[in-house]
1. For residue 122, only one of the following conditions fails: (1) open to solvent by less than 40 Å² (accessible area, probe 1.4 Å); (2) touching a Lys or Arg at 6+ places or on another chain (Cβ under 6 Å); (3) acidic (Asp, Glu). What is its number?
2. May I ask you to say which residue of 179, 162 is of a type in the set (A, V, I, L, M, F, W, C), open to solvent by less than 60 Å² (accessible area, probe 1.4 Å) and closer than 21 Å to residue 60 by Cβ?
3. Give the residue that is nearest to residue 228 (Cα to Cα), with candidates limited to residues of region 35-92 that are basic (Lys, Arg) and in contact (Cβ under 8 Å) with a residue 24 or more places away in the chain.
4. Consider region 196-246. How many of its residues are over 16 Å from residue 181 (Cα atoms), among the charged types (D, E, K, R) and surrounded by fewer than 16 Cβ atoms within 10 Å (Cβ to Cβ)?
5. Scan region 114-148 for residues that are at pLDDT below 95 and within 22 Å of residue 174 (Cα to Cα) and jot them down.
6. Of all the strands (runs of 3 or more DSSP E) wholly in region 1-118, which have at least 2 residues that are open to solvent by 10 Å² or more (accessible area, probe 1.4 Å) and under 21 Å from residue 155 (Cα atoms)?
7. From the list 98, 88, pick out the single residue that is more than 18 Å from residue 15 (Cα to Cα) and among the aliphatic types (A, V, I, L, M).
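The values are calculated or read from the model by the stated rules, or taken from the named source; none is laboratory data. Nothing here was measured: the structure is a model prediction, and the numbers come from that model. Backbone-built Cβ (ideal geometry, glycine too); neighbour counts: all protein chains shown. Side chains are part of the model used for accessible areas, which takes the heavy atoms of the whole protein and leaves out ligands, DNA and RNA. Shrake-Rupley method; radii C 1.70, N 1.55, O 1.52, S 1.80 Å.
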Amino acid sequence: MEIGIVGLGLIGGSMAKSIKARTDHRVWGIDQNEETMLLARMCGAIDGTLSHEILPRCDLILVALRPGAAVAWVEEHAKELSPSVILVDLCGVKRGVVKAISPLAEQYGFSYIGGHPMAGRERGGFAASAQDLYVGASMILTPDQRTDMAVLDTLKSFFLDIGFSGLTFSDPEEHDRIIAFTSQLAHIVSSAYVKSPEAQRRRGFSAGSFQDMTRVARLDEEMWTELFLEDGDFLGRELDLLIRHLQEYAQALKERDGDRLKALLKDGREKKASAGGN
């Protein structure tokens, strides 16, 4: 296949490297950062620039940009896409993106599915990208009633070939509701947790628990602000629920209620066990 990748940061760059490492597909990339483009060409992550001449020849296009930029790119280039192309956005939220791009796909006749690779690192950019980032990860897709089964078969083969362990199918509403809890809330908690003055005095006193809690506090505030606001209703609901639970622990401590504290901890342990996995 001829594959175009729009945005060569952590996600797009890792896609390019994974494709080149595991398949014979040709990869064309574009990024607004000239140094990124130079690095991508030098290390062999792309075969060349995704130009206006190449774009209509692509069989698959992966848009690895922030939500607003992804929609803007598709709006600008939709008329250049071949009706036979499959376009997948890789944004971390789906409702607004799918709502904006789906009508364009219908208007111009190309296939479109929202996507979200469940993999990442605390550092972004092409320099942090890796050809093994997606090994064992889940790829979420949000097909709709217009989605052709042949398109899904093509995407399944493609994503499995580059290292994903499987596909998870969802709809934009469900995706955004669950991702508010599994990803976005964790980033807010980590950001808030590390603001304690003790974080600056913890050397020699911290181990795995501290590292686990603070890893994603090293985030890109521009990107995550956009994601949080796009998913503000579901994220706000999860944050309110977390605050209520934290207040229960705080109240038990203030009242030195050991039985209540033990019950809260036991409940958390059992809920983790029933949730299973990581």
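1. Of everything listed in (1) open to solvent by less than 40 Å² (accessible area, probe 1.4 Å); (2) touching a Lys or Arg at 6+ places or on another chain (Cβ under 6 Å); (3) acidic (Asp, Glu), residue 122 misses just condition (1).
2. Only one candidate passes the filter, namely 162.
3. 66
4. Within region 196-246, residues that are over 16 Å from residue 181 (Cα atoms), among the charged types (D, E, K, R) and surrounded by fewer than 16 Cβ atoms within 10 Å (Cβ to Cβ) number 9.
5. Correct list: 119, 120, 144, 145, 146, 147, 148.
6. In region 1-118, 26-30, 111-117 are the strands (runs of 3 or more DSSP E) which contain 2 or more residues that are open to solvent by 10 Å² or more (accessible area, probe 1.4 Å) and under 21 Å from residue 155 (Cα atoms).
7. Values: 88 fails: more than 18 Å from residue 15 (Cα to Cα).
Among 98, 88, only 98 is more than 18 Å from residue 15 (Cα to Cα) and among the aliphatic types (A, V, I, L, M).
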